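Trainee: Got a structure here, written out as structure tokens. Questions coming.
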Amino acid sequence: MRGSRLLAVRGLGLGRRVWSRIGEMRRQLRAWRRISFTAGGALFTAGAFAVGFAAMNTGNNLLFLLLGAMLGIITVSGWLSEQAIRAVRVERLLPRAVTAGQELRIAYEVANHKRRLPSMAVEILDGELPGRAFLPYVAAGSTTRTRSVNTLERRGVYPLLTVTLSTSFPFGMFRKERDLDVPGEIVVWPRTDRPVPVTSQGGGRVPRSGAGAQGPHGHRGEYRSLRAYRAGDDPRDIHWRSSARLRDPVLREYERDGAETRWICLDLASAPGDPAEVAVEAAASLAAQAMAEGRSFALVAGPTVVDPGEGAGQLERVLDVLARVSFSPGAPLPDPPVDPGSCILVSVDGAPGFGDAVVVGRHA
Amino acid sequence: MNLRVLHRRLAVLMAMAGLLAFAGGAGVEPVSALLAAAALVLALLWQPGRELSARIERVWLPLVILLVGRALLHVFVIRDDVVVPVVDLILLLLAAESLRTLDAPNDFRLYALSFALLLAATAYRPGVLFLVAFVAFVGLATMGLMVGHLRRAAERHGVREIPLGRPLVWTTTGLTGVILLVAAAVFVVFPRVSSGWAGRGETLATSIAGFSDQVSLGGHGSTILGNPQIVLRVEFPGGLPQGHQGLHWRGRSYDRFDGARWTRSRGMPPSGGPTRWYRDRWRAPRLEQRIYGAPLDVRVLFALHPVLDVDPQNGIQPLFDNAGDFLYWGSVAPAYTAWSPGAIPPAEELRAVEAGYAPPGRYFLQLPELDPRIPALADSLTAGLPTRYDRVMAVQGHLRSFAYTRELPASARETSLEHFLFQRRAGHCEYFSTAMVVLLRAAGIEARNVNGFLGGEWNDFGGYLAVTQNQAHSWVEAWFPDYGWVTFDPTPAGAGGGGGSEAWFWPGRIFFDGLQHRWNKWVLDYNLETQGGLFERWSGLLGSPRVEQVVERTSGAGSRSFRGPILFAALLLAGFLWARRHRRLVPREARIYLRLREACERGGVTVSPGLTPLALVSRVRNQRAAAAGAAARVVDVYLRARYGRQSLDEAELRAMARALKEARRSLGAKA
């Protein structure tokens, strides 16, 4: 009894494996090539059928000759389109990130590994992105670059798994596509140009010192200490002598760098949607504003905290976090490591206890 | 030259090839063809601007309407051939489309109209010119379609130029070759389930005199004079027989002579002679003749006498009439194989025969009212000769002393047989054959007049005997009991039928006619039988040795039968190697990573298309922790190679594969 059950289980397992293998082969085949008709190709094929039908009915040998030529053209079309996308490797060259609403230019380095045949009239499609790159000609054994232009309207992290090579070369009758596994992702930062409805002149009281946030532009007070260089810091602040001694770049920090920190707290307790996105853009705009004013700024978004810093590098760090945050109605209020009364809360619905609040509202 | 101009020129050249193909099949009305050709040549050299193009279109429109009206008139009112008006319309549209501005998106219209002309040409039985135009069309279409596609793709993506040049020409040449090969393969292999295609225009057959139900004495020679049109092409699979100039290609026989005309009697009983006589008594080696006839206005099959067997090749239905003449049913130009003895029986055998069955004398001994000198002449020629054969030869010998001339008699009185026999003593073959039949009948020997062709010109290039209309000839058949009808030719040797072919049979003509013959034989008349023969020959090459060969070869007798499977296995191996070569293009580490993703999916981990490698590891850690370590090792190596651009050594790749195996095992444990 037990033996037969074991046998049944093993048989079931084998069946699953076989089925899974078939599915895998089907997927591989699908990933390998896809062929579809263009309008002209459908018409041509229908014409070939019609000529074949007429040839068989009448026994007219010249119609057989025409049919042969039409089938020859279809064969050559299939073979040449295969050659166009065969032995081609694509390397995707992505920018570090792109701001929502701005042009995303993705470059592709395409190498044609064929010995003799060039690849002609190949389009490159990247995942779901609508923009296509076009390769008019890649000589055999050579490498060339092309690019696609897209515009992504929403911030976020867009995974890009496959690049599709698509061609209807040589006659435009059939479109043949081939997927290449080129994993990658594109980070889309939120927009930073949204006008922020700051309710108080202070824009958030300055922590510790209590001074106004609107300090004199470019005046950073006395030299205070050195710290390690972070990507995006202003290279003019590098202390070269210390960097040479420590063999790692270090930066000068000034008194007012820490004193005027703007703490931006993003409230994630909201349903995902347009208001939430507006809140993210408001937080990003506040950060950009702080950078433009030359002041230090920090971000608290859910459990993630970006420590105070300044300059373009700090803004990138903040935007990277903002690109990835996700909203959920039950999320806790942000818990900054400083007094909440010195922070600006950016929220959809608002919350008490913060020094200042930017409430975008449901109809923002 | 930029892509736009090149594309337009290629499309126009395609149209020209289509026009040439149609002209090769059906000919065209000179006016419309010339106008269309002129417009196409103009379009090749010049393209109008937008404004001018718009103005020209205003001219085309009423013309097109006019031609559509004309075509409709032909279909519904006149009810005659609609092809010519439709072709005129196509030509006009072609001219109009080719003279449009370069920006006009009319690619498909130009292609379709050119193809329509090519298609229309197939309704006829075009000559070799169609083949030339077809090859040109395929070449131009290959290049034109390719350039057109590149042009449109470049315009869509804002690319100004695509580097084309010599590689394009080579590529196109190669592709054209491939397309023509495929066309040839499809043509040869595609099963012919329907047989016989009477192309349009085929019934406009070559008119030929001398083979209708009645022939006037003297009329035949005047009609055939100087007509070099080929009526028969004859191949000899067993080799060209000796003395091919003396071969008599028999057509029709005539039994009734009224003094001026030969006719065929109605209601004649079977009188061709039993086939077994010819099969058994005519012992000369059999001569196989593959005969390709021109479409004539008479349904006569020509062959050497007597025909022992016949094998039709293109759907015609051969039949013997009561006189033993060889006719056929069918509307195509006849193609058939006939077997006949290579020579008449030896003289000794014919001399030995005297008594036996003879066909009805009222048909074959019939004579009109004759000048008494004629029977007297017959008596004087045959008196004292012991055998029928000797008597026949005596009459033939007498007539051969006459002169041959194609000059017609000056007056009606001079056309008579008496005038030929006793005054003029010169004439063409009809006079000789008529005189001999009359003399033989007067001497009591059954005889009849036969029309056909004599000899032919051997075409070395095509390997066939070309028989032309000016080789039409008349001769005699005399009856010999137990042997049947035996051919005798009283026309003086060397005169032949028409002759004079040297004047036109210059080498170019021979070459062209050889081409035409092959075209007819292998393309226009290719049929199920030819196809079967080819397949039989090929199957012999690939295996299935014939029985006698198996018997003869005791050692290694079956070696040929392995060729097919070996060829098949070689093809499979080539395919396998090709597939492996293709797989190598994906780096090994990427393949291992992709297998990990598949294994995760099978193991129940949710793997969405956009899942990044590290996110995959994180997900495995959450959902199938046991496999997380191995998955992380795979992903770590993959990321180092893919993004860190590290080159992996064999040990690392093996470690990666081991990690994949481990991950699979862990993932599969629960499943």
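Trainee: Across chain A, where is the longest run that never hits trypsin sites (Lys or Arg not before Pro) in a DSSP loop with at most 14 other C-beta atoms within 10 Å?
Mentor: With a cap of 14 other Cβ atoms within 10 Å, the longest stretch comes to A:248-361.
Trainee: A follow-up question, please. Taking chain B as the reference, fit the longest principal axis to its C-alpha atoms, fit the long axis of helix B:563-583 to the helix C-alpha atoms, and give the angle between the two in degrees, 0 to 90, nearest 10.
Mentor: For helix B:563-583, the angle is close to 30 degrees.
Trainee: Return the average number of partner chain Cβ atoms within 10 angstrom of each residue Cβ along peptide B:593-599.
Mentor: 2
Trainee: Is segment B:234-374 rounded, prolate or oblate when judged by the Cα gyration tensor, a ≥ b ≥ c being the square roots of its eigenvalues, rounded requiring a/c under 1.5 and prolate requiring a/b larger than b/c?
Mentor: Judged from the Cα gyration tensor, segment B:234-374 comes out oblate (a/c at least 1.5, b/c at or above a/b).
Trainee: With chain A treated as a Gaussian network of Cα nodes joined by springs under 10 Å, which of A:Ala100, A:Ala351, A:Ala244 yields the largest mean-square fluctuation?
Mentor: Greatest mean-square fluctuation among the candidates belongs to A:Ala244.
Trainee: On a straight-distance basis, which aspartates and glutamates could pair with B:Lys521 in a cross-link, Cα separation under 13 angstrom, same-chain partners fewer than 8 positions away excluded?
Mentor: B:Glu235, B:Asp513, B:Glu529
Trainee: For helix B:3-25, report the angle its Cα long axis makes with the longest principal axis of the Cα atoms of chain B; keep it between 0 and 90° and round to the nearest 10°.
Mentor: Long axis of B:3-25 versus the principal axis of chain B: about 20 degrees.
Trainee: Right, here's the next one. Among A:Trp79, B:Trp485, B:Trp479, what is the fewest-to-most ranking by other Cβ atoms within 10 Å?
Mentor: Working: A:Trp79 14, B:Trp485 28, B:Trp479 24.
Exposure proxy ranking, most exposed first: A:Trp79, B:Trp479, B:Trp485.
Trainee: Continuing with this model, one more query. Quick one: grab the alpha carbon gyration tensor of segment A:1-152, order the square roots of its eigenvalues as a ≥ b ≥ c, and give me rounded if a/c is under 1.5, else prolate or oblate depending on whether a/b is larger than b/c. Display every interim value, and only then the final one.
Mentor: Details: a/c = 2.26, a/b = 1.03, b/c = 2.20.
Cα axes put segment A:1-152 in the oblate bin.
Trainee: Another one. Could you tell me which of rounded, prolate or oblate describes segment B:78-159, using a ≥ b ≥ c as the square roots of the eigenvalues of the alpha-carbon gyration tensor, with rounded for a/c under 1.5 and, failing that, prolate when a/b is larger than b/c and oblate otherwise?
Mentor: oblate
Trainee: Once the Cα atoms of helix B:107-121 and of chain B are each reduced to a long axis, what angle between those two axes, in degrees from 0 to 90 to the nearest 10, is obtained?
Mentor: The angle comes out at about 20 degrees.
Trainee: I need B:Thr382, B:Thr275, B:Thr468, A:Thr164 ordered by Cβ neighbour count within 10 Å, fewest first.
Mentor: Listing B:Thr382, B:Thr275, B:Thr468, A:Thr164 from fewest to most nearby Cβ atoms yields B:Thr275, A:Thr164, B:Thr382, B:Thr468.
Trainee: HN-Hα J couplings of segment A:178-192 from phi, Karplus 6.51/-1.76/1.60, θ = phi - 60°, integer Hz, Gly and Pro as x?
Mentor: 9, 8, 10, 7, 10, x, x, 8, 10, 9, 10, 6, x, 5, 10
Trainee: Using a Debye calculation, one point per C-alpha and no hydration shell, please list log10 I(q)/I(0) for segment B:315-440 at q = 0.18, 0.22 Å⁻¹ in order.
Mentor: With no solvent term, the Cα-only Debye profile gives -1.12, -1.27.
Trainee: With a 10 Å Cβ neighbour count serving as the proxy for reagent exposure, in which order, fewest first, do B:Glu97, A:Glu153, B:Glu430 appear?
Mentor: Listing B:Glu97, A:Glu153, B:Glu430 from fewest to most nearby Cβ atoms yields A:Glu153, B:Glu97, B:Glu430.
Trainee: Of the residues A:Ile74, A:Ile106, A:Ile85, which exhibits the maximal mean-square fluctuation in a Gaussian network model of chain A defined by a 10 Å Cα contact cut-off?
Mentor: Looking only at A:Ile74, A:Ile106, A:Ile85, the biggest GNM fluctuation is shown by A:Ile74.
Trainee: If R0 is 45 Å, what FRET efficiency do you get for A:Arg89 and A:Ala271 from their C-beta distance, rounded to 0.05? Don't jump to the answer; show the numbers that get you there.
Mentor: Details: r = 43 Å, r/R0 = 0.97.
Between A:Arg89 and A:Ala271 the formula returns 0.55.
Trainee: Below 15 angstrom from the Cβ of B:Gly243, what's the summed charge of the other residues (Lys, Arg +1; Asp, Glu -1)?
Mentor: Summing Lys/Arg as +1 and Asp/Glu as -1 gives -2.
Trainee: Under the rule of at least 5 residues apart or a separate chain, name every residue whose amide H is placed under 5 Å from the amide H of A:Val358.
Mentor: Result for A:Val358 returns A:Leu345, A:Val346, A:Ser347.
Trainee: Counting only DSSP beta bridges with both residues in the protein assembly as shown, tell me the antiparallel percent, nearest 5.
Mentor: Counting DSSP beta bridges with both partners in the protein assembly as shown, the antiparallel share is about 85 percent.
Any read-out appearing in this document is the output of simple, stated calculations on the displayed coordinates, not a laboratory observation. Predicted model, so just to flag it, every value in this text is computed and none were measured. Using ideal geometry, Cβ is built from the backbone for each residue, glycine included, and neighbour counts are taken over all protein chains shown.
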